[in-house]
Every structure is written in C-alpha cells, then in structure tokens.
1. If a residue has to be assigned to a loop (DSSP other than H, G, I, E, B) and out of contact with any strand residue (DSSP E or B) (no Cβ under 7 Å at 6 or more places or on another chain) to count, how many in the range 174-217 make the cut?
2. Every residue in the range 252-286 that is in contact with a Cys (Cβ under 9 Å, 6 or more places away or on another chain) and either on the phi < 0 side of the Ramachandran plot or in a helix (DSSP H, G or I) (or both), please.
3. So if I check each of ASP339, ASP309, which one is at pLDDT 95 or above, among the acidic types (Asp, Glu) and over 25 Å from GLU502 (Cα atoms)?
4. ALA66 versus (1) of a type in the set (A, V, I, L, M); (2) touching an Asp or Glu at 6+ places or on another chain (Cβ under 9 Å); (3) touching a residue at least 40 places away in the same chain (Cβ under 8 Å): which is the lone unmet condition?
5. Going by the structure shown, is GLY98 touching a Cys at 6+ places or on another chain (Cβ under 9 Å), surrounded by 15 or more Cβ atoms within 10 Å (Cβ to Cβ) and either among the small types (Gly, Ala, Ser) or at positive phi (or both)?
Amino acid sequence: MRTLFIYPEFPKTFWSYEKILELVNRKVLLPPLGMVTVAALLPQRWDMKLVDRNVREVTEAEWNWAELVIISGMIVQKDDMAVQIGRAKQRGLPVAVGGPFASSTPDAPELDLADFKVLDEGEITLPMFIEAIERGERSGRFTAEGDKPDVTATPIPRFDLLEFDAYDSMSVQFSRGCPFNCEFCDIIVLYGRKPRTKTPEQLVAELQSLYDLGWRRSIFLVDDNFIGNKRNAKLLLPQVKAWQEERGYPFSFATEASVDLADDEEMMRMMHECRFESVFLGIETPDEASLETARKVQNTRNPLDAAVDRITANGIRVMAGFIIGFDGEKEGAGKRIVDFVTRTGIPAAMMGMLQALPKTALWARLEREGRLIQEEDAAKGVNQTNLLNFVPTRPIRNIANEYVEAFCALYEPNAYMDRVYSYYLKMGAPRWKASFKLPTLVDLRALSIVIWRQGIKRSTRFRFWRYMAGMARHNPALLEQFLVVLAHNEHFQEYRGVVTREIEEQLAALPPDPPAGDRNKVLQPV
C-alpha cells in the first residue's frame, strides 16, 4: 500500500519562530512526531512517504504515487486539513484522518470528506483500521472506547521519513497523560490522568535511532508533563545521562513540566546533568483566585516567583504560558502578568486568551451555561491571535485590549533585552561538558545578522554590548545561550505586529458590547 502522509499547515503562532529559523536556514521548529509514530505502527511492508506542508508542498508526482492518504493534525491546523482532504478526494484517493482534532471533534465539517476516522491513540485503533483496509472496506470510524494503550509496546518512530535539514529540533515522547485536573486542559481528555511512560530502554533506543541518522541538535520531549510520573522519570534520567556522556552530549533537551518541578531538587539536578536546557511551565496567571477557578490548584501551593528562581538556579531556562480571560478575573490581569514576567525575568512568556476546547470540563460548563460562541465552529484551538470563544465575565474588548498591550510590552526590544540579561545573571552554570564543535558558516552568518540588527542598527545597541560584556564577566559559561535567546526577539518583535493586527481586525468585526445587565443574564446558568 503506497501511503502518503500529509501534515497540514499551521497558522503563524508564538512558536512559529520564522525569523529565527531563517537565520539558521531551517523551515520549521519541530517535526510531526505523531505521524512518524503512526508510520511505525502500520505494516512495514507498506511503502510510505511524508510531506510536512509547513516545509513544502505536496508534488504532483507524490499525489500520483499515492494509493492511500493519511492526514493528522491539531485544531489550529483544521483549515488546511480540510484543503488537503479535498485535494486527495479530487484525485479519487481514500483518506484517513486522525490526531487531536479528529479525536476531539470527529464530526467537524472539515472532516466530512474523509473516508476513515482513526480516533484516539493509534496503538489501539490503527490495528482496526488495518484490518478494515485489508478486508477491502472503503470507510469506517475506529475508536478506543476510553481504553488507553500500554506505550511500552510502541515502536521507534519512523524518523527516516523526515526531511532532517528542515527542522530546528527533533521530537521524542516518554509519557502520555497528566495527573492534574485543570478545567481548560484537553490533555487529560485525550490521554487521561494516569501518566503512562515508555521504558528507559525504549527512549534511549529512540535517541540512538536519531543519532544513527545523523541528528546532532536539540530534542524536545513532547510530554505534556514530563514529571507527571516522577518515579519513572527518575529511572529514565540516569540512562539518558550515561548515553549522553558516552557520546559527548550530542543533544540538548527541552520539555514541559508542572510547576512542582521546583520542589524536587533531585529531579532538577538529574535533568540538568542530562543537558535539559529549558522547560515550559504552565503558570497561566499570577492571580491565585483565577488559578482556583481553573482548578489549577497545584500552582497555588507555593510562591510562583520562588519556583521560577529555583528552576533557573539549577541551570534550566524557564519558558512559561500565561492566559487571560478567566471567569471572575479582575481588571488589570494583563499588567499583572507583565509585572510577574518582568520580576522573574522569564525570557519566553507565551500569552493567549482563554479557549474552551472540545470535551474539556470548561467546554462542558460553558455549554451548560449557554456561553459558547458560534458553537458549531467554537473549536478554534489555542493560538495567540484568537479571541475567547465564549462569553466572558467582563467585556471581551477589555480583555483583548489588555492582552495586546501586555504582549507588546513583553516584547518591546529594550524591555526584552533587560529581562533576558537579568535572567541569565541568576542562571546556574552547566554541569555537563559537550564536545567542542567549530561554528558552521550558517552559525556565523546568523551571529553577524543578530549583531548587526541588535548591536549596531537598532536603539538596543548600547544595551546589547553592555550586556554582552556583563555576561562575559559574570556568567561566561552561558554567554552563547544568552546570545541565542536575545536572537529570539527577532521573531517576537515581528509577532507583536501580527497579534495586534489580527486582534484589532476581530474586535472591529464584533457587535457592540451588550449592556451590563444583559450580559449578566447571558451568564446565568441554564
């Protein structure tokens, strides 16, 4: 079976990093790990090709070659999913869809033309799909009926299908699921609240596979909470450290974790010794009342400022997500986020307006209260240019304007540079030593562009050289990483304009705000 995998295009997001990727001659930050995992779960006698639409277009030769098309994506990719399904059907090709969007909203109109809907986790539903194909069936819907697979049987993804030069980082997965119960989160809907992990040997075999294919750059562990199963994470890390040491630390790692990472000194030390360079935390808001409303009580147990500082002191750079628009939120939420980020120095602070995602507890509550907007198309996905998809408890224009002001303040070039410098002064030095590598011509070109733009051309020039000298004097081991993070504002500076323009366009299309009394009626439970 000649199988063509198509990964749909993303809209521009906080994580697109186009300007940064241009500097290093790459197209996309991360590859479609789910698709290469599906490829490994299919019969290996099938011929397979993969096209990531974020890298390039599908060629006519590839369309002509295919006997089956498989498309998977997230909610924010749904528009291009619909386009690609349509193109395949115009050519008379059978189409199978899966992934988070299809699993959460299998009856979405964008998926109407698909022949097969392979939902939930593929370890359970792909064998059903394969049997149907081999019986000659032409359509079907396959679900796991709430069952979750044992991921210790998941094979090594087919990394060989990827165009390595297009990606800045590779992806691997150790665990699925999260033990917490945040109201807005769809991870616990898709993967459950009992984290399931691979064995350490499995994960190391995946690293070895990437190494054997020639990969020598960063790797993102896509776990939504790497420390969701702390016992198993601590069994994994010594094996990763040993593997890294034997090969001169060829990979740096990034991942996502809950804020309680800061309470576990042993975990932070072990991660840093493996060369985990950054971790994404879902901080969401410094407002404790909003955290309690969202059932994110794990973030209220200890001061968030101190948590960020403890992780930073252990040499792991904190990235963080923030949300505006919680029920009962008081005016000035955007400014409070800016103050928190400035105070802690977090370089990459992702902000967005709250979205109710399908099948989450938040979605169910808002549906009961009659507050979802355009219910048939309410699932927009999490993107930094989406307005709230429900009626909030304060005027939507106030929330949106606060959001735009806060985002622009965070990534004003001088403010960003001040923040990054203050942050790297307090970051712990590396406990690992990588093999020396000469910089490539691409590296040198990127360096020269950043120096020209931030150190000569712009108003940041004096700060740039003062901070470079300060880092060389006070924390020289992190000078290179500091410069790389300064370069990230090449993307954020442009993205400020994208956020402002797209939010203003959406606000202009909204009807006038209802009087406060009418809005209160909408908010009454039904």
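The values are calculated or read from the model by the stated rules, or taken from the named source; none is laboratory data. This is a predicted model, so every value here is computed, not measured. Cβ coordinates were reconstructed from backbone atoms using ideal geometry, including for glycine residues, and neighbour counts include every protein chain displayed.
1. First, the residues of the range 174-217 that are assigned to a loop (DSSP other than H, G, I, E, B): 174, 177-186, 192-195, 198-199, 213-217.
Filter once more, keeping what is out of contact with any strand residue (DSSP E or B) (no Cβ under 7 Å at 6 or more places or on another chain): 178-186, 192-194, 198-199, 213-214, 216.
Adding up the residues that qualify gives 17.
2. Here is the first cut: in the range 252-286, the residues in contact with a Cys (Cβ under 9 Å, 6 or more places away or on another chain) are 253, 258, 282, 284.
Within the range 252-286, PHE253, SER258, GLY282 qualify.
3. Details: ASP339 fails: over 25 Å from GLU502 (Cα atoms).
None of the other options fit; the residue is ASP309.
4. (2)
5. Details: touching a Cys at 6+ places or on another chain (Cβ under 9 Å): no; surrounded by 15 or more Cβ atoms within 10 Å (Cβ to Cβ): yes; either among the small types (Gly, Ala, Ser) or at positive phi (or both): yes.
So GLY98 fails the test.
Every residue, every condition in (1) of a type in the set (Asp, Glu); (2) over 22 Å from LEU50 (Cα atoms), yes or no:
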| residue | (1), (2) |
| --- | --- |
| ASP120 | yes, no |
| THR125 | no, no |
| PHE142 | no, yes |
| PRO155 | no, no |
| GLU163 | yes, no |
| ASP168 | yes, no |
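The rows are residues; the columns are (1) under 20 Å from MET350 (Cα atoms); (2) of a type in the set (Gly, Ala, Ser); (3) assigned by TED's automatic domain parsing to the domain that holds TRP363.
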residue	(1), (2), (3)
GLY248	no, yes, yes
PHE253	yes, no, yes
MET270	no, no, yes
GLU277	yes, no, yes
PHE280	yes, no, yes
ALA294	yes, yes, yes
ASN299	yes, no, yes
ALA306	yes, yes, yes
ASP309	yes, no, yes
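Yes or no, residue by residue, for (1) out of contact with any strand residue (DSSP E or B) (no Cβ under 6 Å at 6 or more places or on another chain); (2) assigned by TED's automatic domain parsing to the domain that holds GLU9:
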{"position": "ILE71", "(1), (2)": "no, yes"}
{"position": "VAL76", "(1), (2)": "yes, yes"}
{"position": "ASP80", "(1), (2)": "yes, yes"}
{"position": "PHE129", "(1), (2)": "no, yes"}
{"position": "GLU134", "(1), (2)": "yes, yes"}
{"position": "PRO149", "(1), (2)": "yes, no"}
